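Computed from the coordinates by the stated procedures, all read-outs in this text should not be read as laboratory data. All values reported here derive from a predicted model rather than from experimental measurement. Cβ coordinates were reconstructed from backbone atoms using ideal geometry, including for glycine residues, and neighbour counts include every protein chain displayed.
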Amino acid sequence: MILTKETLSAGPKIGTGEGVAHSKRWYVALVRMHHEKKVAERLDKMGIENFVPVQQEVHQWSDRRKVVESVLLPMMVFVHADPKERKEVLSFSTVSRYMVMRGESSPTIIPDEQMVRFRFMLDYSEEAICMNSAPLARGEKVRVIKGPLTGLVGELVTVDGKSKIAVRLNMLGCACADMPVGYVEPIGGEKSNKLKKSIL
């Protein structure tokens, strides 16, 4: 699926599935180390939608540099499946189980809206995406209005003294990218002190 900025801002029908009668949900399959892409290839052949988040990194040596593709969430593959397909995926010898919330027996569901924002961020961000699994205080809800991530809705947070746009993913923490404060606007209500200072 190719995501566009129009897709992202198309409204609630993307995130909530309103008006769409299907039982497919996004799950996180836990796979054997370094088998993320192989599992994805097999799922593709079976016609089961999946997503392995990757990004390019530049590795520098003394005599050369090389751009490599790295997996952002090792040993995890996002799977968009109905109940029957969900069971079929567990038949893979390289898949151990689905991510489950503590105290629950059913696999954790990643809301469609979170997946749309996460994939959009990976597709369009010019900055490296980092996953923050540590508890992160909720930031102000904002919309990006400048730069390649224009249209993205997320939270404005501060990590290690830097302002970032964050997209939360159930059980996985936050996907974060550097974001100048002046590139966002608050959604509803007045500007926070942080946003006010950026325009003074």
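Measure of size requested: the Rg and Dmax of the range 31-179, with Cα atoms as the atom set and Å as the unit; please supply both.
Both quantities, over Cα of the range 31-179: 16.9, 52 Å.
Between Y98 and residues 5 or more places away or on another chain, which pairs have amide H atoms under 5 Å apart, with H built 1.01 Å from N, and which residues are they?
Under 5 Å from the amide H of Y98: L30.
Amide H to amide H, which residues 5 or more places from E49 or on other chains are under 5 Å from it, using H placed in the peptide plane?
Result for E49 returns H80.
Which peptide among 104-114, 58-68, 171-181 comes first, and what is the full order, when sorted by highest mean count of other Cβ atoms within 10 Å? If you can, show how the numbers build up before the last one.
Details: 104-114: 15.1, 58-68: 7.8, 171-181: 19.5.
Most protected by this proxy first, the peptides run 171-181, 104-114, 58-68.
Looking only at the range 27-66, which residues have a backbone nitrogen under 13 Å from a spot 7 Å from the Cα of S96 in the C-beta direction?
Counting backbone N atoms under 13 Å from the label point, the list is 29-35.
Quick check on packing: order 129-141, 76-88 by the mean number of other C-beta atoms within 10 Å, highest mean leading.
Going by the mean number of other Cβ atoms within 10 Å, highest first, we get 76-88, 129-141.
Filter K38/K84; K87/K164; K37/K164; K24/K141; K37/K87; K24/K162 down to the pairs with a C-alpha to C-alpha distance above 31 Å, please. Don't skip to the end; give the middle numbers.
On the way: K38/K84 21 Å; K87/K164 38 Å; K37/K164 29 Å; K24/K141 28 Å; K37/K87 19 Å; K24/K162 37 Å.
Violating the 31 Å limit, Cα to Cα: K87/K164; K24/K162.
Mind listing the phi-derived Karplus ³J(HN,Hα) values for the range 56-66, rounded to whole Hz, using 6.51, -1.76 and 1.60 with θ = phi - 60°, and x for any glycine or proline?
Karplus values, whole Hz, x for Gly and Pro: 8, 10, 9, 9, 10, 10, 5, 10, 6, 9, 9.
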